[in-house]
Structures are given as C-alpha cells and as structure tokens.
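What follows is a single structure, written as structure tokens, with notes after it.
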Amino acid sequence: MHELLKDFRLLPTERLLLDGGDARIALDPSLALNKYGCSPIPDPGVAAFASSTASTISEPSFAAADRLRRRLATNIHNETHEALYTRELNRIRQELLYLCGVSDMHGLEIIFAASGTDLHLIAAQMVAGSELMPTLIIMTESDETGSDVSTALSGQHFSTRSALGFPTIEKTPIGGGNAIEVVTVPVRLANGNPRQPSAVNAEIETLVTGSAKRGQRVLLILIDLSKTGLISPDLGYVSALHRRLPETVDVLVDASQFRMAQSTLRAYLNQGFIVAMTGSKFVTGPAFSGALLIPSSVAVRLRGHRPSAALNLYSARADWPDNWAVAENLANIANFGLLLRWEAALEELRMFRSVPDAQVKSFLKAFADAVQNRLMSDPAFDPLPVSPIVRTPLIDASGWDHIPTIFSFLLYRPGPDHRKVHLSRDQTLQIYQSMQANLANGNGLPLPGLNGKPARLRCQLGQPAACGNRNGIPVSALRLCASARLIVEATSQNGAKASAVIHRALATLDTTALLVKCHNE
C-alpha cells in the first residue's frame, strides 16, 4: 500500500493528488506530467482544451483540495484515518447529489471509484453471472470509450497496479469465478464516418434476443458522450429495449465525459439506468475521480449481491453505501487521494452550477460556431463527422447539453499534385507530443503576436483518438473541447471574457496548423 495510507500528514497536497489510483496517474519523471500530459499543480499559463482526456488542476480546485488536507490533518487527532475518510466521503456524496440536481431522488445510491475504468469493472462484477450462464456485456468499440474498458468489463486487471496500490498483472483475471462475455459493436465505419443508428440497433437486437432466449442477463453500455462526441446506441431504441426486456437487460450509461445537464442525468436515472460519471473530464477536476450512480430500482436488486472478493484491490468499504453486502468484504481503509481529487472536482462543479443555463447555452453556441468555422476553413484540418446530439424521446433538446463541446479533427499535409493527404496516426501523435513537450518545458511555440511582436502559446488538446482509415492511411483525430472551467471563465464579468476564451481556442488551432506545417518542411 502507498505511504498515503500510513500518514497523509507527511505529504503535500500535490503528492496526495497522485495517490490512490493505478499506474496511469504516476508522473513521468522527465516531464513531471502524468500519462495524460497533466500536472498535479496549477498551470494557469496553458491554453487548456483537453478536457475529453484530462485537465491540469486549476488554482481554485487546488486551493479547495489543500484546505481539505489541512482540515484532515487537524481532525486526525480526534478520529482514525478510516472514520475521517468515511465522514468526509459521505459529505462529498451528499454534495455531489445536490450539485447534480438529484438529491431528492429516493433510494439513489453512489459508489465511488478512482476512474471510469474502475467503474466499469465494478459495474460488471455487480451484474456478473455464473459460469453456467455468463452475463453478456455489449459495449461500443474501445476507440470511442477507452483502451482498458473492455479489459475491465471482462473481469481482468487493466494496469500494473490497482487503485489501492496492490501490484497486478495486466489482462489476467481478477478472480472470483464470475463469468462475463464482452462483445464490441462498432459505431464508426472503416473510413471513420458514423454508422447508421439502425445498423447498430439491428446488431444489438440480434445479440440481445439470442441472450433472452437462453435466459442470459445482458448489460448494455450506452455511451453519452464518446471520446469524439457520439451518443450510441440510439436512445429511443435502448429505452424501448429496456422496457420490453426488463428482466434481461440492464443499461449502464457511460457518462464519463459528464457533458450533460441536470435534467438529462435525471431522465437517465428515472429510466432505471445506472450512470457512470467522472469529475475529471468536462468538470475538469484532476484525473482519477469516478462515481457510479445507481437508481433505487436497480439498487434494491443489487444491494445484497456479493461480487468477487478481488474488488478489495479496487474499492474501500467507505466507497460503497453502508447497507450493501459487498462493503462487508472490503477493507476499511482510507483513500485520501481519491477524497482530495473529488473535493477539487466539486469546486469546479460548484462554480459551474452557479452559471445560469441561458448563459451556458449562449457561450457554447458562440464557441461551437467559431471552432467549427475555423476547422472547416483551414486546409490543415478535416473535421471528423459526428451525429447531432439527440436524446429524444428521453428528453427534449432544451438544455445546454445538445450543443457540441468536443470538436474532433484529422490533420492534412500537402501531397503530390497539390492533393491533400491525411497525416497518419504516428504523425498525428508526433504533433500531439510536440504540444505536450512545450507544456513540459514551459516555453511554448512562437506565433505571430500583436503589433508584429512574437508571442508564445502553450496549449493542450485531447489525446489522438483512432478513427479508421482514409485512403489506406490509419488516422487519428485530435480533439479541442469546451469545459465547465472555460464556461465559468467566459461567463464571468457579465460575459466579458467570452471572446478571450474563443480567441484562445482559435489560437490553439493556429498552433496545431503551424506544427503541421513544420512537420511537413
């Protein structure tokens, strides 16, 4: 176990923020950044548009986490680590329900975990069947979710260490005998264009009806939104399927991006869908803070279930509601890293919830128009096709969350005969890594400045996401994202800063285009 679980008072806040997660949270010694290119200390000078992957912690969030650490250090004289952790996590549990607008939903439960991948592992173990009748899990392709999600769903370790610091061997069973079969359904064609929803629905229907005939339970994962901004499968189909086969189908909404209004979250829970969310994508809290929201209709059925004892490697007792049977088999330990990261995420969410929806919609519409126009007009970019964000008949499009906040694009380079050729995945990764290198060295790229003076911009985009082939070239998309933090900034001072945020986004695209040009010279 980490030294965190021995005496957190000896560790500074920036060190605690790196504890209680798997190997992905560790810093690269040469860059002082984690796998996602983020630092555990604030970096206000970076143009941060990478929230579809992860964000560096903000100054207000870091201050909130630091205040909590100081309070913990004061109170530890009167309580044990475990009692203190349980009390503070329950406080966060109640505030999260309030900030999500669902605190009045009777019987709604929350399970905390270090990451979205951990949440998928936990959800799968909770519904896992027997070896005689394994549960079928139907998921979207990993390129749109996460490289480790399929591994976690299948009941295998997905890192070299678990969230609680135990060494593990990747892609080996976590143990326990629970049987799961995972099937992946692609949502994009080979050329990267979205598949027709009817084709996706038909493939799922075949899988589900076959399982129903065998008496096999199904966990269908609905992604809202994917890495590149898709909702899949079609919500109308999923809702109808769940109503038609309630004894066969459970639905897990992968809302790890958490790009949804309170009304949308409420609608999912009212449908009886489990929702997995994180505080580290749209909300922009530091990486590794997850929560599984379980509506009462599902909680009643799962509360007495005892999944694999191997969850001891991933969950502490206080991470679960105290009336669940599984909690009895979990160690009573404190994950203060998870606690501080959620406190930081809640600080971002508090500020975001203070912005009226009308202002959120107004800014996001202006942001989307500016970014989409820029992507369409620059010969270095090829915007990735996405379907409109439609959640009917679940809920109408009156909320801010029907406006795109993830803008994915491929990169072009000049080819023979003045033709444009897509950059390959390796070439796109080199562009992304060049941006990350500028973050690490703190210098940035020289760009045209005001009044002829040179300027430098350090910027961050979402990691490249693989999305098929173009003319035989495997390609990946970079992603520029709006986030809760950017919305709060843009709507401050009566919206006076909106133009500055949009200008910074366009300057980030200028930086990307410049890197493409330099790459080709």
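General observations
- In segment 79-101, residue nearest to A484 (Cα to Cα) [restricted to those that are surrounded by fewer than 16 Cβ atoms within 10 Å (Cβ to Cβ) and among the polar types (S, T, N, Q)]: Q94
- Screening the candidates S39, S51 for the property of being in contact with an Asp or Glu (Cβ under 9 Å, 6 or more places away or on another chain) and surrounded by 19 or more Cβ atoms within 10 Å (Cβ to Cβ) yields one hit, S39.
- Any hit, segment 60-78, residues being under 18 Å from T13 (Cβ atoms), at pLDDT 95 or above, crowded, with 16+ Cβ neighbours inside 10 Å and of a type in the set (S, T, N, Q): yes
- Segment 488-508: number of residues that are closer than 19 Å to R353 by Cβ and not in a helix (DSSP H, G or I): 1
- Residue check for L311: crowded, with 20+ Cβ neighbours inside 10 Å and more than 21 Å from T117 (Cβ to Cβ): no
- Selected residue (criterion: surrounded by the most Cβ atoms within 10 Å (Cβ to Cβ)) from residues of segment 179-200 that are under 21 Å from P307 (Cβ atoms) and either free of Cβ contacts under 8 Å to residues at least 12 places away in the same chain or in contact with a Gly (Cβ under 6 Å, 6 or more places away or on another chain) (or both): I180
- Hits in segment 369-397 - residues which are polar (S, T, N, Q) and free of Cβ contacts under 8 Å to residues at least 12 places away in the same chain: N373, S377
- The residue of segment 234-276 that is surrounded by the most Cβ atoms within 10 Å (Cβ to Cβ), among those that are among the charged types (D, E, K, R) and free of Cβ contacts under 8 Å to residues at least 40 places away in the same chain, is D234.
The values are calculated or read from the model by the stated rules, or taken from the named source; none is laboratory data. All of these numbers come straight from a predicted model, not from anything done at the bench. No Cβ is skipped: glycine too gets one built from the backbone with ideal geometry, and neighbour counts run over all protein chains shown.
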